[in-house]
Amino acid sequence: MKKYLKSSLNKGIGASLLCCLFLISCKGGGNVPAEEAVASFGDARLSRSELMLMIPDSMPAPDSTQLAQRLIEEWMGAQALAEEAEKAIPDLDKKLQSQLDSYRLRLAENLYAQYLMAKSPEQLSVSEKDIQEFYAKHADRFISNTYYYQYFYVKTDKPQQYKVVNLIRSDKASDIQELITWSQENGREFKLDSVYVDDAGIARISDGFYYGDIRKASTATPYPYSHTEGSVTYYDFFRMLDVVKPGDALPLSVCRSEIEQTLRSRRLQEMMEETRTRLVQQAKAGKRASVN
């Protein structure tokens with residue numbers, strides 16, 4: 001066996017390749033008289049090149065050898081089961097072929113859907129109006145089962161930033177824009193948007209917050225605090241804007257991505273159905289399809 005066998009594939013790819021080799025060997029295509037076989041089971045042969053297809057390039061020799069031995073044992077097990085299946089199941093070849101044909105049709109359909117998505121992305125585009133209408137129509141589907149938090153946050157290494165406290169307190173668009181500009185120039189991190197985050201998202205900025213549980217901070221109140229990272233002191237400014245509790249309606253921003261994907265999937269299904277209907281009608285008109 002080759003000295004430097006390749007490293008382990010992930011299980012899904014390895015299983016797929018092994019299945020392909022199993023099907024080849026079942027039909028006799030695995031016989032390799034012109035190439036050295038690394039394993040055999042009855043009339044079936046597993047060639048070195050077939051085995052190498054299942055082993056990637058980067059694993060050290062000892063590990064790759066162990067993987068090869070395991071794959072060979074799995075191949076033998078598949079051959080044993082196939083041999084037993086041929087004895088036990090009438091018309092096994094026909095049933096295998098039927099399933100392979102069915103899988104091929106589903107795979108072709110999926111690949112064609114990907115082709116349509118790439119060819120006509122504009123037909124799958126979803127507008128903000130579409131998203132808002134879907135959200136309003138299906139409001140009962142978008143109920144929170146956890147907490148979400150909307151807040152402003154600025155982190156800087158510049159002390160005594162009273163200006164930041166005043167700006168983060170304000171609801172005026174001009175003040176928020178001024179704070180964004182200041183943060184871009186002086187902040188080490190900032191969040192000054194309308195995005196909601198979950199418990200983990202807000203917990204990561206709670207270091208040094210000495211007013212109690214940051215998740216229970218009063219809305220609209222600015223909270224200045226500080227924390228250290230190594231030898232550096234950072235000054236934090238936090239303002240809670242909104243809290244979504246379990247049972248509350250989810251904000252649109254939280255479910256926008258899900259809605260967009262749902263609408264895109266529906267449009268793709270409609271495109272596929274329209275194409276399917278058109279092609280069948282054309283085939284029937286051309287006498288290439290009929291119900292017997």
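Structure summary
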{"quantity": "Full-stretch length increase - Asp248, Ser127 - with 0.36 nm per residue and alpha-carbon distance subtracted", "calculated": "41.0 nm"}
{"quantity": "Between the stretch 236-292 and the stretch 152-221, the Cα center-to-center distance that results, in Å", "calculated": "36 Å"}
{"quantity": "Spin-label model distance (nm) - Ala289 vs Met271, 7 Å beyond Cα toward Cβ", "calculated": "2.0 nm"}
{"quantity": "Of Thr219, Tyr151, Ala88, farthest towards positive along the dipole that unit charges on Lys, Arg, Asp, Glu beta carbons give the chain", "calculated": "Ala88"}
{"quantity": "Cross-link pairs beyond the 32 Å C-alpha cut-off, checked among Lys95/Lys284; Lys137/Lys284; Lys172/Lys245; Lys87/Lys284; Lys119/Lys191", "calculated": "Lys137/Lys284; Lys87/Lys284; Lys119/Lys191"}
{"quantity": "Amide N of the stretch 201-244 lying under 18 Å from the label point, which is placed 7 angstrom from the Cα of Val165 along Cα→Cβ", "calculated": "208-212, 218-227, 234-240"}
{"quantity": "Which of Phe134, Phe238 has the fewest Cβ neighbours within 10 Å, and the rest in rising order", "calculated": "Phe134, Phe238"}
{"quantity": "Förster radius 30 Å - calculated FRET efficiency between Thr181 and Ala203 (Cβ-Cβ, nearest 0.05)", "calculated": "0.60"}
{"quantity": "Stretchable slack from Tyr115 to Arg278, in nm (0.36 nm times residue separation minus alpha-carbon distance)", "calculated": "57.0 nm"}
{"quantity": "Per-pair calculated FRET efficiency, R0 = 51 Å: Glu189 and Glu86 via Cβ, rounded to 0.05", "calculated": "0.20"}
{"quantity": "Electrostatic dipole magnitude of the chain [Cβ: Lys, Arg +1; Asp, Glu -1; Cα centre; debye, to 20]", "calculated": "660 debye"}
{"quantity": "Neighbour-count order for Trp75, Trp182, fewest beta carbons within 10 angstrom listed first", "calculated": "Trp182, Trp75"}
{"quantity": "Helix-derived mean residue ellipticity, 222 nm - over the chain, DSSP H n ≥ 4, -39500 (n - 2.57), to 500", "calculated": "-17000 deg cm²/dmol"}
{"quantity": "Under 5 Å, built H, 5+ apart or other chain: amide partners of Tyr234", "calculated": "His227, Thr228, Glu229"}
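Only the coordinates and a few stated rules stand behind these numbers; no lab work does. Remember, it's a predicted structure, so these values are computed and weren't measured experimentally. Cβ coordinates were reconstructed from backbone atoms using ideal geometry, including for glycine residues, and neighbour counts include every protein chain displayed.
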